[in-house]
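All of the numbers you see were taken from the coordinates with simple rules; none came from a lab. Treat the numbers as computed from the prediction; the structure is a model and nothing was measured. In this analysis, Cβ positions are derived from the backbone assuming ideal geometry, glycine residues included, and neighbour counts consider all displayed protein chains.
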Amino acid sequence: MKRRNFLQSSAAIAAGAALAPQLIGGIPVYAKSPVGVLGSQAMENDAILIIIQLFGGNDGLNTFIPAEDDNYYKLRPEIAVPKDKAKRYGNTNYYFHPALVNNVYGNGFLGLMDTGRLAVVQGVGYENPNLSHFRSTDIWLSGLNNSDPNTRLTDGWIGRYFANRLPNFPTEIPDDPLCVQIGGTLSLAFQSEKGDMGIALTDPDSFFKLGQGLSPDEQLIDDKTAYANEFNYIRTIALESDKYSQVIKTAFDKGKNTLDYSQGFAQQMKLIARLISGGLKTKVFMCSMGGFDTHVQQQDVSLGGNHPNLLNALSNGISQFIGDALQQGFANRVVGMTVSEFGRRPAENGSRGTDHGAASVQFVFGTRVNSAIYGENPNLSELNSNNDLQFKNDYRRVYADILQTWFGATKDEARSLLKDESLVALPVLQSPVTGVMDMPDFPAQELLITPNVTSGKTEISFELTKQSKVEISLLDITGKISESIFSGILETGTQRIPVELKSASGTYLCTVTIGGRHLVGNIIVQR
């Protein structure tokens with residue numbers, strides 16, 4: 001399409017543009033929600049988040065398996081994973097589905113746990129769970145707990161955050177796409193009241209061919225008429241479509257992969273790795289897998305079938321991406337997480353499948369995670385009134401830690417964005433190691449707990465590079481505070497704090513928190 005024709009035809013239909021999407025560069029664009037990107041002045045760090053959406057509701061019980069609970073086998077006589085086939089993590093009572101480990105690059109999720117690159121969050125969900133795919137997906141992507149079908153959820157937690165960080169958006173639209181979704185239409189997570197904070201992309205070459213040459217020759221119309229507003233809007237979209245197509249194509253051509261990825265889902269992770277390698281300054285990538293709505297023939301007697309195949313593809317894609325990122329040197333500035341709208345019912349349904357349930361399991365991966373298992377195995381003898389699992393970890397607690405620890409939001413800002421003034425971040429992340437940081441350097445370093453296996457007495461030591469208000473807490477594996485150890489101002493230098501712990505036997509996380517960001521270490525109490 002010629003540039004002048006593009007502008008004329010687009011302006012001619014301006015009256016309907018606010019209602020009907022225009023396909024520009026393969027992207028559906030609305031007049032009230034321009035495509036947005038993040039610029040250099042909004043946030044100078046190069047930390048990256050990857051969101052993997054598991055459409056359909058992943059079965060947490062057959063992903064991270066309570067293999068030592070007899071109730072699991074009573075509830076699932078046909079599709080339970082036998083204990084001797086499940087993959088045990090160390091000498092714990094936590095087991096992975098074998099599909100997450102067998103025939104997977106680097107020993108899959110067990111390998112990631114062994115190298116400190118995976119966190120497992122159990123019992124993830126929210127109050128009053130909604131078992132509709134559509135509504136529950138909107139709840140997860142918006143970051144707002146609202147099951148009322150009469151209330152529309154129109155923006156996402158990522159979109160709201162970056163809209164706050166870009167006060168001049170969309171008048172000033174910077175250089176690189178802020179968010180990139182691989183395939184499909186743009187996720188609710190990337191939408192905001194200021195407009196869409198991302199683009200949808202499948203193939204960089206096709207995107208480049210569709211977008212190139214749209215930069216307009218015509219200047220902006222300097223008046224306030226409806227025609228001028230729509231003309232100027234379409235002109236901006238044309239200009240940016242041309243620019244982003246070139247930016248993405250340049251990054252793709254410059255980037256590389258250092259290993260052979262599997263087919264299927266892993267190809268999405270391969271594309272993300274190549275774009276990062278090529279220098280694309282996108283902050284958030286989203287990719288997805290379908291097929292998790294496993295009502296029938298979820299798993300066969302040999303532990304193959306639909307669900308195991310999906311788990312194997314997921315583990316391979318994540319494991320290969322981390323291997324590629326390590327070899328290329330950008331691993332310390334990328335973390336990722338899985339999201340799925342709900343889990344499955346504890347009891348199988350008679351068709352070798354499971355129906356819509358409530359709580360499930362979530363994975364957070366990367367070299368900057370606090371690798372641990374957050375949450376106990378579900379109590380299968382204490383189900384809720386709908387015979388579903390009871391959630392133990394609000395899904396927004398991981399979001400809050402991403403906003404605070406990874407992207408530098410304050411605690412109050414994260415609570416405001418997620419509409420919960422009492423929300424406490426689950427400390428699953430360490431701060432990114434990036435090329436440039438706009439966040440102040442985190443003043444605490446080198447956390448050491450000696451001994452970290454104790455009957456009660458231990459010493460917590462760390463370095464402070466400047467005077468700071470410090471909070472030290474002991475959290476149980478659900479992320480709840482078991483006891484507060486210290487709160488106050490500490491001076492610059494080496495800190496050595498003797499502690500007499502009062503908590504019962506168990507595994508805990510010790511968090512040193514300054515300004516909503518933390519150092520985290522493990523403590524095992526043995527009475």
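Please label the shape of the stretch 298-409 as rounded, prolate or oblate, based on the square roots a ≥ b ≥ c of the eigenvalues of the alpha-carbon gyration tensor (a/c under 1.5 means rounded; beyond that, a/b larger than b/c means prolate, else oblate).
oblate
Trypsin sites (Lys or Arg not before Pro) within the stretch 144-201: which are DSSP loop residues with at most 13 other Cβ atoms inside 10 Å?
152
Given points 7 Å out from each Cα along the Cα-Cβ axis, report the residue 492 to residue 453 separation in nanometres with one decimal.
It works out to 3.9 nm between the two label points.
If R0 is 35 Å, what FRET efficiency do you get for residue 259 and residue 300 from their C-beta distance, rounded to 0.05?
0.70
Please compute the modelled spin-label separation between residue 78 and residue 446, points set 7 Å along Cα→Cβ, answer in nm with one decimal.
It works out to 6.0 nm between the two label points.
For residue 386 and residue 154, calculate 0.36 nm times their separation in residues minus their Cα-Cα distance, and state this gained length in nm to one decimal.
Length gained, residue 386 through residue 154: 80.6 nm.
Kirkwood hydrodynamic radius (Cα pairs, Å) of the stretch 385-527?
The answer is 16.2 Å.
Mind listing the Cα extents of the stretch 105-194 along all three principal axes, in Å, largest one first?
The Cα atoms of the stretch 105-194 stretch 48, 39, 24 Å along the principal axes, largest first.
Spelling out what I want: for every residue of the stretch 492-506, take phi, set θ = phi - 60°, compute 6.51 cos²θ - 1.76 cosθ + 1.60 (Karplus), and round to whole Hz; glycine and proline get x.
4, x, 6, 10, 10, 10, x, 9, 10, 6, 10, 5, 5, 4, x
Go through 382-394, 281-293 and give me the packing order, highest mean Cβ count within 10 Å leading.
Highest to lowest by the protection proxy: 281-293, 382-394.
Calculate the all-directions average of the projected area of the stretch 67-129's alpha-carbon convex hull, and give it in nm².
5.9
Treat each spin label as a single point 7 Å out from the Cα along the C-beta direction, and report the residue 103 to residue 326 distance in nm.
Going by the 7 Å Cα→Cβ label model, 2.3 nm.
Which of the peptides 415-428, 98-111 is most tightly packed, and how do the rest follow, judged by the mean count of other Cβ atoms within 10 Å per residue?
Answer by packing, highest mean first, reads 98-111, 415-428.
Calculate one ³J(HN,Hα) per residue across the stretch 334-348 by plugging θ = phi - 60° into the Karplus curve 6.51 cos²θ - 1.76 cosθ + 1.60, and present them in order as whole Hz with x for glycine and proline.
Calculated HN-Hα couplings, in order: 10, 10, x, 8, 9, 9, 8, 5, 6, x, 10, 5, x, 8, 5 Hz.
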